[in-house]
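Novice: Mind looking over this structure? Questions follow.
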Amino acid sequence: MFRTIFDLSSNVILLQKYCAERGFLKSPQRISDIRNTAMEKIRSLFIKYWSSDVGLDGKTAIVTGANTGIGKATAKDLAKRGARVILACRDIVKAELAVHDITREIKGANVEARKLDLADNKSICEFAENIYNTEKVLHLLINNAGVAACPYSTTVDGYEMQLGVNHLGHFFLTFLLLDLLKHSAPSRVINVSSSAHAMGRINFEDLHSRREYHPIKAYTQSKLANILFTRELSKKTEGLGVTAYAVHPGVVNTELVRHVKSPLEVMWKKFSYFLKTPEEGAYTVLYCSLTPVSELVSGGYYSDCAQSATARNGRDDGTALKLWAVSCHLLGIRWN
Ligand SMILES: NC(=O)c1ccc[n+]([C@@H]2O[C@H](COP(=O)([O-])OP(=O)(O)OC[C@H]3O[C@@H](n4cnc5c(N)ncnc54)[C@H](OP(=O)(O)O)[C@@H]3O)[C@@H](O)[C@H]2O)c1
């Protein structure tokens with residue numbers, strides 16, 4: 001795909017040069033207009049616009065990692081629809097800044113910043129306790145926060161960072177908030193995964209990569225875990241009015257690649273125009289949040305605002321059950 005984009009955009013630039021040299025196009029403004037239109041056309045070939053007019057008055061949502069990227073775009077959209085939105089972030093200063101941005105853009109937005117560090121079980125407990133103390137209902141839990149391809153490190157509780165934040169932290173948070181979700185039914189849990197799950201494997205022999213660490217393998221393992229968790233959660237909550245969806249947001253121009261070094265970093269910057277914006281990255285998360293439940297499949301995997309097939313490893317119910325049991329064991333919880 002990148003090759004096609006590269007060829008197309010190079011051709012636009014060559015054509016522009018050719019016309020300018022022969023005096024066909026004299027005005028630089030006109031040249032830049034043509035280039036922008038052509039680039040927009042190329043972009044719209046593979047990034048489709050999506051919108052919905054569903055309102056969310058009286059609904060409450062939590063979005064993890066909502067100070068930036070897809071999470072912030074999701075929180076803003078939900079707030080625009082009238083929902084009360086809690087931005088659950090590890091850095092409360094960044095979270096307050098995001099609240100400030102959203103309220104400046106959306107008059108009367110009901111948004112609030114709360115501290116949640118998914119790399120610390122104590123912080124997750126305190127966050128959940130705080131939610132039970134202040135909220136009567138919770139309709140949407142959007143498990144969005146993520147860390148990708150970071151150097152080896154562990155969470156406060158000793159889990160490998162990517163597994164800890166992306167999977168175990170959200171698993172624990174969902175466990176703690178499930179009573180409120182059930183009480184507020186119909187309610188939904190949306191786990192932001194990735195198509196990178198296809199390269200993942202749950203390495204039960206060395207789940208925390210203590211013997212050998214590979215940053216991409218650890219990321220793909222955690223994103224596969226998101227899908228297996230969603231699948232199993234949908235079974236456990238069947239008949240309770242709580243549904244669960246896993247989402248691939250697309251390739252989105254966010255800060256996620258902060259730990260990724262060249263040549264991928266160079267490619268990412270070069271083609272950033274052709275990546276989804278955070279707002280476009282939020283489309284499928286919003287699609288799963290707003291589409292009538294009867295039109296969605298609980299436990300399903302969604303990409304580009306439609307149900308999609310996971311890779312085979314994402315449909316392995318045996319691994320999903322084992323991961324569930326191992327996650328409960330690590331967190332010291334009973335969740336049947
Ligand atoms: N961007 C893509 O192309 C892409 C593709 C597929 C899937 N995804 C998934 O989309 C989700 C959102 O990513 P993004 O692209 O929006 O990335 P991002 O811009 O880097 O945002 C990630 C968010 O997660 C937060 N976070 C990281 N560690 C945390 C922790 N310990 N506790 C609480 N929050 C924490 C970050 O907080 P700080 O700002 O404080 O670091 C940030 O708010 C992730 O789950 C990612 O795996 C993204």
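Rule-based calculations on the coordinates, nothing more; no lab input. All values derive from a computational prediction rather than experimental measurement. With ideal geometry, Cβ positions are generated from the backbone for all residues, glycine too; neighbour counts draw on all protein chains shown.
Novice: In terms of the Cα gyration tensor, with a ≥ b ≥ c the square roots of its eigenvalues, is the range 234-336 rounded because a/c is under 1.5, prolate because a/b exceeds b/c, or oblate?
Specialist: Details: a/c = 2.51, a/b = 1.50, b/c = 1.67.
The shape class here is oblate.
Novice: Still on this structure: Simple spin-label model, 7 Å along Cα-to-Cβ: Ala311 to Thr134 in nm?
Specialist: Result for the modelled spin labels: 3.9 nm.
Novice: May I ask you to list the lysines whose Cα is less than 17 Å away from that of Lys41, ignoring any residue fewer than eight positions away on the same chain?
Specialist: Filter leaves Lys276.
Novice: Anything over 21 Å Cα to Cα? Flag those among Lys76/Lys270; Lys217/Lys261; Lys217/Lys270; Lys59/Lys182, in the order listed. Walk me through the numbers on the way to the answer.
Specialist: On the way: Lys76/Lys270 28 Å; Lys217/Lys261 16 Å; Lys217/Lys270 25 Å; Lys59/Lys182 14 Å.
Distance filter (> 21 Å) returns Lys76/Lys270; Lys217/Lys270.
Novice: Related question: Quick check: from the Cα gyration tensor, does the range 145-303 come out rounded (a/c under 1.5), prolate or oblate?
Specialist: On the way: a/c = 2.27, a/b = 1.29, b/c = 1.76.
Cα axes put the range 145-303 in the oblate bin.
Novice: Can I ask one more? Can you list the lysines whose alpha carbon sits under 21 Å from that of Lys122, skipping same-chain ones fewer than 8 residues off?
Specialist: Within the straight-line limit of under 21 Å, Lys122 reaches these lysines: Lys94.
Novice: Here's a follow-up. Quick one: if you stick a label point 7 Å off each Cα along the C-beta vector at Arg210 and Tyr273, how many nm between them?
Specialist: Taking the simple label geometry, Arg210 and Tyr273 are separated by 5.0 nm.
Novice: Write out the trypsin sites (Lys or Arg not before Pro) in the range 126-191 meeting two conditions: DSSP loop, and at most 16 other Cβ atoms within 10 Å of their Cβ. Please report the intermediate quantities before stating the final value.
Specialist: Numbers: sites: Lys136, Lys182, Arg188; in loops: Lys136.
Passing sites in the range 126-191 are Lys136.
Novice: Ranked from highest to lowest mean number of other Cβ atoms within 10 Å per residue, what is the order of the peptides 174-181, 251-258?
Specialist: 174-181, 251-258
Novice: Mind ranking 194-203, 38-47 by how tightly packed they are, going by the mean number of other C-beta atoms within 10 angstrom, highest first? Before the final figure, lay out the partial values.
Specialist: On the way: 194-203: 19.0, 38-47: 14.2.
Highest mean packing first, the order is 194-203, 38-47.
Novice: Then there's this: Using only helices, what value at 222 nm comes out for the chain when you add -39,500 (n - 2.57) per DSSP H run of length 4 or more and divide by the total residues, to the nearest 500 deg cm²/dmol?
Specialist: Working: 11 runs with 149 residues, N = 336.
Rounded to the nearest 500, it is -14000 deg cm²/dmol.
Novice: From the Cα trace of the range 60-331, what convex hull volume per residue do you get, rounded to a whole Å³?
Specialist: Working: hull volume 33.0 nm³, N = 272.
Taking the convex hull of the Cα positions in the range 60-331, it is 121 Å³ per residue.
Novice: Report the full-extension gain for the segment Lys122 to Glu238: residue separation times 0.36 nm, less the Cα-Cα distance, to one decimal in nm.
Specialist: Length gained between Lys122 and Glu238: 38.9 nm.
Novice: Further question on the same structure: Taking a ≥ b ≥ c as the square roots of the eigenvalues of the Cα gyration tensor of the range 133-205, is the shape rounded (a/c under 1.5), prolate (a/b larger than b/c) or oblate?
Specialist: Numbers: a/c = 2.60, a/b = 1.84, b/c = 1.42.
Prolate, because a/c is 1.5 or more and a/b exceeds b/c.
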